[in-house]
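Inspection log for the structure reproduced underneath, given as structure tokens.
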Amino acid sequence: MNLKTFPGGLHPPDSKHSAANAIEICPLPEELVIPMSQHIGAPADACVAVGDLVKKGQVIANAKGFVSVPIHASSSGEVIAVEPRLHPMGKALPSVVIKPDGEDCWDESLQGSDPANLSADELKNLIRDAGIVGMGGATFPAHVKLSPPEDKKIEILIINGVECEPFLTADHRLMLEESERILDGIDILRKVLGIERAVIGIEANKPDAIEKLTREGATRKIEVQALEVKYPQGAEKQLIDAITGRQVPSGTLPMEVGVVVQNVGTAAAVSDAIRLGRPLVERVATVTGPGINQPKNLLIRIGTPLSLMVEQCGGLNGDPAKIIMGGPMMGQTQLSLDIPAIRGTSGLLIFRKQDLPKLETGPCIRCGRCITACPIHLQPTTIAAYARLDMVDEAEDYHALDCIECGCCTYICPATLPLVQSIRHIKGGIMAKKRTI
Amino acid sequence: MLAAILSLGGIGLVAAAALGVAAKKFAVEVDPREAAILEVLPGANCGACGLPGCGGYAKAVVNGTFAPNLCTPGGAETVEKIAHILGVEAITADPKVAVVLCQGDNGKATEKYRYLGLEDCNAAQKIADGPKACPGGCLGLGTCERVCPFGAIEITPDGLAVISREKCTGCEKCISVCPRKVIRMTPLDATTHVLCNSHDKGPLVRKYCQVGCIGCTICKKNAPDAYKIENFLAEVIYEHHSEAAEVLEKCPTKCIRDFSTGYPEGSSFPPPTVPVKPAQVD
């Protein structure tokens with residue numbers, strides 16, 4: 001097989017224990033906590049009040065601005081609270097709490113339509129109204145990526161089925177079980193962008209998914225590109241480099257090189273939004289890690305508490321010491337299991353104390369491994385040194401803002417220095433300075 | 001050999017003469033007062049006056065663009081010297097000292113999570129509002145220690161910032177970098193402080209800190225002039241601080257400390273000597 005890749009990166013242990021487990025449906029929780037900020041951009045505005053009865057798929061919050069999306073009820077029931085609740089970000093943020101009635105009935109006004117009868121703009125509006133965001137974890141509103149300015153000509157649609165984060169298998173299972181929806185979604189996305197060429201990028205550790213999509217995609221002229229198993233192969237700019245050989249210039253978006261990237265989960269959600277008229281109210285998430293008894297791939301409603309997901313997977317195996325939402329490399333550590341799953345929850349990882357490395361930070365030994373591993377070709381150790389000294393201008397000169405926070409530098413560092421954490425901190429400092437000037 | 005010595009020596013003499021003439025002819029007029037003021041400034045370049053360094057401040061004072069009493073590190077003595085050089089009357093403010101209003105080190109206050117990132121309070125504060133369960137407590141990662149130009153701040157082994165009352169000059173650099181606003185400027189002669197920065201209600205404070213103020217108002221009942229309670233947090237009224245020390249023993253959580261008896265637990269600073277300015281007696 002001809003495997004493509006990008007320079008840099010590294011090979012963390014795969015640990016995809018749940019790859020063979022079919023997607024299971026997670027039952028309805030006691031209450032669904034649906035936060036108003038589940039996407040990059042302005043939080044949505046709640047438009048329901050306590051006591052309202054809502055149907056599954058009904059809008060409960062309106063988008064605020066262009067880079068924002070509406071939020072929908074993920075089951076039918078009664079709104080019991082509109083208040084700040086603990087969010088995966090670690091703070092109490094505005095949320096709508098729904099007590100499900102157990103009927104789980106869809107809003108009847110939601111009607112599907114044939115994409116062949118709709119124009120590109122109509123499709124785009126439907127995608128926005130369905131609240132679709134990037135399902136890989138970054139949750140960037142999908143309609144924004146599908147609206148390139150006039151002067152940017154899009155040539156290739158890349159569908160991200162790489163799933164390079166260790167442990168996660170949600171996209172893998174989705175490709176095996178829901179390939180029809182994914183391919184249909186790709187057709188719709190191609191129509192919105194008005195282009196022909198679509199390439200699905202998949203890492204070579206998922207040969208069954210590569211085989212299946214190659215076979216089924218052939219009739220629709222959708223290409224599949226097998227990629228070398230390497231982290232962060234699924235990062236947007238690295239994926240574009242691997243598949244097209246084009247490098248996205250510093251400080252610009254993929255549309256600069258004529259590419260739009262969407263996740264396989266996003267493509268499947270687009271298909272549902274158009275064909276069935278169903279908004280984004282559920283997603284597939286992998287629940288795994290050494291602290292979980294039976295790793296599984298679950299179809300969860302947005303707002304399901306993490307504790308129910310754990311319960312559904314045979315409960316905890318020992319005391320949890322680290323709870324991560326997302327993958328182990330870029331996921332976000334959580335304060336407790338009483339936090340709701342959101343649109344970007346691609347996985348839930350639980351580690352016990354004995355699974356975690358003992359970190360004894362030492363001085364930088366100038367080995368340069370972080371520089372070799374950095375997929376953006378930055379000098380993480382230099383930027384981190386500036387971050388420690390709060391030297392904002394110097395860090396900016398070393399292109400700290402181009403860092404994608406993939407964590408390769410911290411992973412590879414033999415002195416276990418918090419490199420990516422430092423760079424992330426100074427990025428905040430650079431942005432704050434830019435805002436004040 | 002002789003020719004070499006003579007010619008090199010000759011060049012040296014000619015060049016020295018040229019330089020001497022140039023130094024006289026092109027000399028830049030410097031106000032002698034500027035040099036004199038620079039001489040009496042502490043030379044820490046801390047920025048407390050609002051200018052980048054002592055040189056800039058000396059110039060600004062002579063120009064009249066900056067007041068002569070802005071050097072807090074130098075204290076009253078420096079202000080008087082500057083005033084004397086300028087031939088004006090010295091107007092000095094009461095000396096101030098920074099105090100960390102927290103005693104909840106890692107042994108006494110509970111953590112919300114274990115923080116493993118960059119050793120910097122501002123970086124830690126961005127992650128779920130900091131690792132301490134208390135929303136106002138000192139994070140003890142040393143951001144203030146690093147910015148202090150006078151080495152007046154230390155972090156105890158259990159992770160609590162403590163400020164030396166002798167080394168602190170009141171430049172306020174630490175105040176601006178602390179993400180939790182737990183450092184406060186207080187009069188130097190006031191040695192009794194309520195070392196807590198949490199406005200939460202008592203039962204909640206008890207849950208996460210052994211030495212937090214629970215807003216029980218016992219101090220205010222016993223010394224009504226010296227304490228006020230705002231949002232479940234007691235505070236010393238510094239105008240009447242001399243009465244504040246009387247209720248020390250009555251505080252149930254021992255969150256009131258008289259610094260003249262020593263610094264919080266774990267600090268390596270020796271107990272402070274008598275304040276520079278004696279407590280006022282009405």
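The values are calculated or read from the model by the stated rules, or taken from the named source; none is laboratory data. This is a predicted model, so every value here is computed, not measured. We place every Cβ from the backbone using ideal geometry, glycine too, and count neighbours over all the protein chains shown.
Residues in the stretch A:388-402 that are within 14 Å of chain B (Cβ to nearest Cβ) and free of Cβ contacts under 8 Å to residues at least 40 places away in the same chain were compared, and the one that is nearest to the chain's Cα centre (by Cα) is A:A400. Only one of the listed residues (B:G142, B:G151, B:G170) is touching a strand residue (DSSP E or B) at 6+ places or on another chain (Cβ under 7 Å) and without any contact (Cβ under 8 Å) to a residue 24 or more places away in the chain. That residue is B:G142. The set of residues from the stretch A:1-15 being part of a strand (DSSP E or B) and closer than 15 Å to A:H377 by Cα comprises just one member, A:L10.
Here is a check on your reading of the model: is A:K434 more than 14 Å from chain B (Cβ to nearest Cβ), out of contact with any Pro (no Cβ under 9 Å at 6 or more places or on another chain) and at pLDDT below 95? Criteria met by A:K434. Six or more apart or on different chains, Cβ under 7 Å: which pairs go from a residue in the stretch B:73-98 that's free of Cβ contacts under 8 Å to residues at least 12 places away in the same chain to one that's crowded, with 16+ Cβ neighbours inside 10 Å? Could you list them? Going by the 7 Å Cβ cut-off, the qualifying pairs are B:E89/B:A83. The lone criterion from (1) closer than 24 Å to A:H39 by Cα; (2) of a type outside the set (A, V, I, L, M, F, W, C); (3) out of contact with any Lys or Arg (no Cβ under 8 Å at 6 or more places or on another chain) left unmet by A:H143 is number (3). Between A:Q421, A:Q379, the distinction of being polar (S, T, N, Q), closer than 27 Å to A:D241 by Cα and under 24 Å from the mean Cα position of the chain (by Cα) belongs to A:Q421 only. Note on the stretch B:92-114: residues that are away from chain A (no Cβ under 14 Å) and either surrounded by fewer than 17 Cβ atoms within 10 Å (Cβ to Cβ) or basic (K, R) (or both) amount to 7. If only residues of the stretch A:338-373 that are among the small types (G, A, S), touching a residue at least 40 places away in the same chain (Cβ under 8 Å) and part of a loop (DSSP other than H, G, I, E, B) are counted, the one that is nearest to the other protein chains (Cβ to nearest Cβ) is A:G362. When the residues of the stretch B:229-266 are filtered to those that are among the acidic types (D, E) and not in a helix (DSSP H, G or I), which remaining residue is farthest from B:I163 (Cα to Cα)? The extreme case among them is B:E230. Look at A:G251 and say whether it is modelled with pLDDT of 95 or more and either within 24 Å of A:G344 (Cβ to Cβ) or touching a helix residue (DSSP H, G or I) at 6+ places or on another chain (Cβ under 9 Å) (or both). No; evaluated as a whole, the condition is false for this residue. B:I85 fulfils the conditions (1) aliphatic (A, V, I, L, M); (2) under 24 Å from B:L188 (Cβ atoms); (3) touching a helix residue (DSSP H, G or I) at 6+ places or on another chain (Cβ under 9 Å) except for a single criterion, (2). Scanning the stretch A:151-170 turns up at least one residue that is surrounded by 17 or more Cβ atoms within 10 Å (Cβ to Cβ) and part of a helix (DSSP H, G or I).
Here is a yes/no grid of residues against (1) at pLDDT 90 or above; (2) not assigned by TED's automatic domain parsing to the domain that holds B:N106:
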{"residue": "B:P203", "(1), (2)": "yes, no"}
{"residue": "B:Y227", "(1), (2)": "yes, no"}
{"residue": "B:N231", "(1), (2)": "yes, no"}
{"residue": "B:E243", "(1), (2)": "no, no"}
{"residue": "B:C251", "(1), (2)": "yes, no"}
{"residue": "B:G266", "(1), (2)": "no, yes"}
{"residue": "B:P278", "(1), (2)": "no, yes"}
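Assess whether A:I324 counts as being within 14 Å of chain B (Cβ to nearest Cβ), modelled with pLDDT of 95 or more, surrounded by 17 or more Cβ atoms within 10 Å (Cβ to Cβ) and under 15 Å from the mean Cα position of the chain (by Cα). Yes.
Restricting attention to the stretch A:77-135 and to residues that are more than 14 Å from every other protein chain (Cβ to nearest Cβ), of a type in the set (A, V, I, L, M, F, W, C) and assigned to a loop (DSSP other than H, G, I, E, B), the residue that is nearest to A:N62 (Cα to Cα) turns out to be A:A130. Check the stretch B:201-219 and report whether any residue there is more than 23 Å from the chain's Cα centre (by Cα), within 23 Å of B:S260 (Cβ to Cβ), more than 14 Å from chain A (Cβ to nearest Cβ) and surrounded by fewer than 18 Cβ atoms within 10 Å (Cβ to Cβ). The answer is yes; a qualifying residue exists. Checking A:C408, A:C367 one by one, the residue that is of a type in the set (A, V, I, L, M, F, W, C) and under 24 Å from A:I430 (Cα atoms) is A:C408 and no other. Of the numbered criteria (1) within 14 Å of chain B (Cβ to nearest Cβ); (2) at pLDDT 95 or above, the one A:L335 fails is (2).
All of (1) away from chain A (no Cβ under 14 Å); (2) under 28 Å from A:K427 (Cβ atoms); (3) buried (at least 20 other Cβ atoms within 10 Å of the Cβ); (4) at pLDDT below 95 hold for B:C138 with one exception: (4). When the stretch A:404-417 is limited to residues that are surrounded by 18 or more Cβ atoms within 10 Å (Cβ to Cβ) and within 14 Å of chain B (Cβ to nearest Cβ), the one that is nearest to A:G362 (Cα to Cα) turns out to be A:L417.
Rundown of residues vs (1) more than 14 Å from chain A (Cβ to nearest Cβ); (2) among the small types (G, A, S), yes/no style:
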{"residue": "B:D120", "(1), (2)": "no, no"}
{"residue": "B:K167", "(1), (2)": "yes, no"}
{"residue": "B:G170", "(1), (2)": "yes, yes"}
{"residue": "B:K173", "(1), (2)": "no, no"}
{"residue": "B:L195", "(1), (2)": "yes, no"}
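Quick check: is even one residue across the stretch B:177-184 within 14 Å of chain A (Cβ to nearest Cβ), modelled with pLDDT of 90 or more and more than 15 Å from the chain's Cα centre (by Cα)? The answer is yes; a qualifying residue exists.
Of the candidates B:A17, B:A58, the single residue that is surrounded by 11 or more Cβ atoms within 10 Å (Cβ to Cβ) and either over 43 Å from the mean Cα position of the chain (by Cα) or in a helix (DSSP H, G or I) (or both) is B:A58. Taking the stretch A:236-265, which residues are within 30 Å of A:A73 (Cβ to Cβ) and out of contact with any Lys or Arg (no Cβ under 9 Å at 6 or more places or on another chain)? Selection gives A:N263, A:V264. Please tell me if B:Q125 is among the polar types (S, T, N, Q), more than 14 Å from every other protein chain (Cβ to nearest Cβ) and either crowded, with 18+ Cβ neighbours inside 10 Å or within 27 Å of A:C364 (Cβ to Cβ) (or both). Spelling it out, it is not the case that B:Q125 is among the polar types (S, T, N, Q), more than 14 Å from every other protein chain (Cβ to nearest Cβ) and either crowded, with 18+ Cβ neighbours inside 10 Å or within 27 Å of A:C364 (Cβ to Cβ) (or both). Residue pairs whose Cβ atoms lie under 6 Å apart, sitting 6 or more positions apart in sequence or on different chains, and linking a residue in the stretch A:35-52 that is closer than 18 Å to A:H143 by Cα to a partner that is among the aromatic types (F, W, Y) and at pLDDT 90 or above, are A:I40/A:F140. Here the stretch B:194-228 is the region considered, the condition is being assigned to a helix (DSSP H, G or I) and touching a Gly at 6+ places or on another chain (Cβ under 7 Å), and the residue that is farthest from B:A133 (Cα to Cα) is B:G202.
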